[in-house]
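The values are calculated or read from the model by the stated rules, or taken from the named source; none is laboratory data. For clarity, every value in this text was computed on a predicted model and none was experimentally measured. Glycine gets a Cβ as well: all are built from the backbone with ideal geometry, and neighbour counts include every protein chain shown. The protein model used for the area step is the full one, side chains on, heavy atoms only, and it has no ligands, DNA or RNA in it. Shrake-Rupley method; radii C 1.70, N 1.55, O 1.52, S 1.80 Å.
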Amino acid sequence: MDRSSLLQLIQEQALAGGPTPPQQLDPENTGFIGADTFTGLVHSHELPLDPAKLDMLVALAQSNERGQVCYQELVDLISSKRSSSFKRAIANGQRALPRDGLLDEPGLGVYKRFVRYVAYEILPREVDRHWYFYRHRSCPPPVFMASVTLAQIIVFLCYGARLNKWVLQTYHPEYMKSPLVYHPGHRARAWRFLTYMFMHVGLEQLGFNALLQLMIGVPLEMVHGLLRISLLYLAGVLAGSLTVSITDMRAPVVGGSGGVYALCSAHLANVVMNWAGMRCPYKLLRMVLALVCMSSEVGRAVWLRFSPPLPASGPQPSFMAHLAGAVVGVSMGLTILRSYEERLRDQCGWWVVLLAYGTFLLFAIFWNIFAYDLLGAHIPPPP
């Protein structure tokens, strides 16, 4: 099946207002559509066609030994849906795709060049980059990561002005009285397990988190969507506070590091697992710098937890939220990033990850209800 016959097929679908009924294209009910059947239903009309979809149809046909296309895969492609079987078919026919990449696209505007940059930063395969580049729409914008970052900056400025302190705010006696901070003495106030992400130790932690949220979180949200990235970020935040309540029972938690490390760990793990396909420049150097910066931030948090530089009225915030976020990123996050344009509910690994995360949540809830009293934990009095 050549490119022109596939183009005629798409024109027929457009004229009919949707995919042709399977009884006409597949009278024997085999589930596949042959090239000869297509040519008998073609009308000669000139209609614009998304080049990414055309390339993928070519790959689908050439990946089949008889030159046929699965009818359901055709329907999914026309309706901009992709399944795991579709991606396998594309992978089998990947050699048939044109070798010219998006880097050779001339005459792009500023925003479209940014979309191309995001495609090469996030996606490991050229077919996925083409798909994302041609079907990307600027609306809705990546509002989640931008909104979270803006809210964190506003909260920090408000508390900085109120306390007249911009570095190591947790040493101020009034800081821990905030209704947003997670404190072991306020475990019954369940919202604190999430809202602590809006509070930060100081300007250095806020700057680090905000930079990573904008540099990594925004591109990830542009590619994978608001729902998936917000789920990953909030799962890392919640896992961070719950892990602290189990492993460091006397410590409070502040900062969005659980969510940030979930995003960064997922992205870095995806880059490593698809190293040959990633086309982002200086990827080895950037990988090393990212690991050094993330390790340094964890080291700073450990130092502040166990060797506070100033007198404090109680334990300083724990560093375990960083590690918990990284675990969420490598497990849940990697599953999300590897399922670009696929339904998560169709992925067996996704259900395994959800089961593991749900088991952890149930264990952490029972731990917070019963373990503190059973173990006789001496927690600092709530502010």
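Some observations on this one:
- Failed condition for R189, given (1) free of Cβ contacts under 8 Å to residues at least 12 places away in the same chain; (2) of a type in the set (D, E, K, R); (3) over 25 Å from F370 (Cβ atoms): (3)
- Output for segment 183-198, where each listed residue is part of a helix (DSSP H, G or I) and more than 15 Å from G255 (Cα to Cα): P184, G185, H186
- Picking from residues in segment 366-383 that are open to solvent by less than 90 Å² (accessible area, probe 1.4 Å) and in a helix (DSSP H, G or I), the one that is nearest to V253 (Cα to Cα) is N368.
- Put simply, of V330, V302 the only residue that is without any contact (Cβ under 8 Å) to a residue 24 or more places away in the chain and more than 20 Å from L211 (Cβ to Cβ) is V302.
- Residue satisfying condition, being of a type outside the set (A, V, I, L, M, F, W, C), exposed (fewer than 14 other Cβ atoms within 10 Å of the Cβ) and in contact (Cβ under 8 Å) with a residue 24 or more places away in the chain, within set G240, G277: G277
- Residue within segment 104-121 that is part of a helix (DSSP H, G or I), touching a Leu at 6+ places or on another chain (Cβ under 7 Å) and either open to solvent by less than 80 Å² (accessible area, probe 1.4 Å) or modelled with pLDDT under 90 (or both) present: yes
- Tally, over segment 122-151, of residues that are touching a helix residue (DSSP H, G or I) at 6+ places or on another chain (Cβ under 6 Å) and either crowded, with 18+ Cβ neighbours inside 10 Å or part of a loop (DSSP other than H, G, I, E, B) (or both): 13
- Residue within segment 302-312 that is under 25 Å from V272 (Cβ atoms) and not hydrophobic (A, V, I, L, M, F, W, C) present: no
- Within segment 152-182, the set of residues being in a loop (DSSP other than H, G, I, E, B) and open to solvent by 10 Å² or more (accessible area, probe 1.4 Å) comprises N164, K165, W166, V167, L168, H172, P173, E174, P179, L180.
- Residue selection: L234 satisfies the criterion of being assigned to a helix (DSSP H, G or I) and surrounded by fewer than 24 Cβ atoms within 10 Å (Cβ to Cβ).
- Top-ranked residue of segment 288-320 - restricted to ones that are outside any helix (DSSP H, G or I) and within 27 Å of the chain's Cα centre (by Cα), ranked as surrounded by the fewest Cβ atoms within 10 Å (Cβ to Cβ): F319
- Test: residue in segment 321-340 that is at pLDDT 95 or above, touching a strand residue (DSSP E or B) at 6+ places or on another chain (Cβ under 8 Å), hydrophobic (A, V, I, L, M, F, W, C) and on the phi < 0 side of the Ramachandran plot: yes
- Any pair with Cβ under 6 angstrom, 6 or more apart, that starts in segment 252-269 at a residue that is free of Cβ contacts under 8 Å to residues at least 40 places away in the same chain and ends at one that is of a type in the set (S, T, N, Q) and assigned to a helix (DSSP H, G or I): none
- Top-ranked residue of segment 325-365 - restricted to ones that are not small (G, A, S) and not in a helix (DSSP H, G or I), ranked as farthest from the chain's Cα centre (by Cα): Q347
- When residues in segment 296-328 are screened for being among the β-branched types (V, I, T) and touching a helix residue (DSSP H, G or I) at 6+ places or on another chain (Cβ under 6 Å), 2 of them pass.
- Taken over segment 321-355, the residue count meeting the criterion of being of a type in the set (S, T, N, Q), over 11 Å from L232 (Cα atoms) and surrounded by 18 or more Cβ atoms within 10 Å (Cβ to Cβ) is 1.
- Test: residue in segment 190-203 that is of a type in the set (K, R) and open to solvent by 10 Å² or more (accessible area, probe 1.4 Å): no
- Take the conditions (1) of a type in the set (V, I, T); (2) more than 22 Å from A188 (Cβ to Cβ); (3) in contact (Cβ under 8 Å) with a residue 24 or more places away in the chain; T359 misses just one of them, which is (3).
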